[in-house]
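To keep things clear, I will list the structure first and then write my remarks on it.
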Amino acid sequence: MVKIIYSIGSKKGKIVLKCEDCGEIRETQRNTAILEKEEHPCRACSNKRNGKNKIGKPSWNSGHRKPQDERQLGSIYQNHHGYYEIYLAGDSVKYGRKDGYVLMHRKVVQDNIERPLGEKELIHHIDGNKLNNDLSNLFLCSSMSHHRDIHNSLEEVAFQLYHLGLITFDHENQSYKLAPSVSNDRVDACEFRKRLRPIKGYDNPEPSLN
Ligand SMILES: [Zn+2]
Ligand SMILES: [Zn+2]
């Protein structure tokens with residue numbers, strides 16, 4: 001029996017699943033195959049389970065997560081979605097995780113509001129940098145649609161910046177970019193983009209969830 005976390009009201013046929021291994025929440029199309037599955041790990045964790053990533057690739061957590069006997073309480077590593085996780089051993093249960101690890105941004109917010117986060121609640125990284133877990137950079141969203149609204153508002157502002165000439169459209173690369181006048185002297189855009197890019201070799205099923 002599949003555990004459906006919740007249905008998206010406005011999007012018929014969509015359900016939200018939680019990866020048993022890493023706790024990542026994702027939105028997906030409801031279908032019989034999913035409903036018949038006992039567990040529903042995300043693609044990265046599923047590959048890990050099947051050993052697919054062993055074919056010519058280092059393990060997703062190589063260089064990050066240490067073997068069980070070398071784990072140190074409070075040690076931090078970057079997971080395959082590009083987020084920091086902290087090893088808390090048995091204390092991870094307080095944060096809704098049974099495997100000893102907790103997403104840093106969820107821990108920071110939960111410690112601040114002094115209550116466990118709900119299943120639907122998720123954290124938005126205000127500056128777009130998923131590694132900046134300063135409390136001032138974290139915004140608690142009540143649901144995925146709340147989170148989506150926030151990202152939509154960012155897009156709205158981006159269009160305003162386009163009209164102000166601060167953003168241009170690059171036909172060759174088929175993407176928007178900062179106008180040269182902005183990128184040259186104000187922001188190191190390349191540095192910023194580097195931080196947003198998922199770890200090489202892995203799919204990031206939720207690129208907007210930062
Ligand atoms: Zn996962
Ligand atoms: Zn976000």
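The values are calculated or read from the model by the stated rules, or taken from the named source; none is laboratory data. Because the structure is predicted, anything quoted here is derived from the model rather than measured. Don't worry about glycine lacking a Cβ; one is built from the backbone with ideal geometry, like all the others, and counts go over all protein chains shown. Heavy atoms of the whole protein, side chains included, go into the accessibility calculation; ligands, DNA and RNA do not. Shrake-Rupley method; radii C 1.70, N 1.55, O 1.52, S 1.80 Å.
Filtering the stretch 39-55 for residues that are open to solvent by 40 Å² or more (accessible area, probe 1.4 Å), more than 14 Å from ligand 1 (Cβ to nearest atom), outside any helix (DSSP H, G or I) and modelled with pLDDT of 80 or more leaves an empty set.
For every residue, the table says whether it meets (1) hydrophobic (A, V, I, L, M, F, W, C); (2) open to solvent by less than 20 Å² (accessible area, probe 1.4 Å); (3) not in a helix (DSSP H, G or I).
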| position | (1), (2), (3) |
| --- | --- |
| VAL109 | yes, yes, no |
| GLU119 | no, no, yes |
| ILE123 | yes, yes, yes |
| LEU131 | yes, no, yes |
| HIS146 | no, no, no |
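Residue check: is HIS147 in contact with a Cys (Cβ under 8 Å, 6 or more places away or on another chain) and in contact (Cβ under 8 Å) with a residue 60 or more places away in the chain? Before the answer, list the steps.
Numbers: in contact with a Cys (Cβ under 8 Å, 6 or more places away or on another chain): yes; in contact (Cβ under 8 Å) with a residue 60 or more places away in the chain: yes.
Here the answer is yes, as HIS147 does meet what is asked.
Among the residues of the stretch 174-195, just one is modelled with pLDDT of 95 or more, open to solvent by 80 Å² or more (accessible area, probe 1.4 Å) and of a type in the set (S, T, N, Q), namely GLN174. Out of curiosity, is ARG97 more than 16 Å from ligand 2 (Cβ to nearest atom), basic (Lys, Arg), within 23 Å of GLU27 (Cβ to Cβ) and in a loop (DSSP other than H, G, I, E, B)? Yes, satisfied. Per the listing ASN152, ASN112, ASN133, the residue uniquely among the polar types (S, T, N, Q), assigned by the TED database to the domain that holds TYR87, at pLDDT 95 or above and under 15 Å from the mean Cα position of the chain (by Cα) is ASN133.
Among the residues making up the stretch 90-103, those that are closer than 18 Å to ARG115 by Cβ and not hydroxyl-bearing (Ser, Thr, Tyr) are ASP91, VAL93, LYS94, GLY96, ARG97, VAL102, LEU103.
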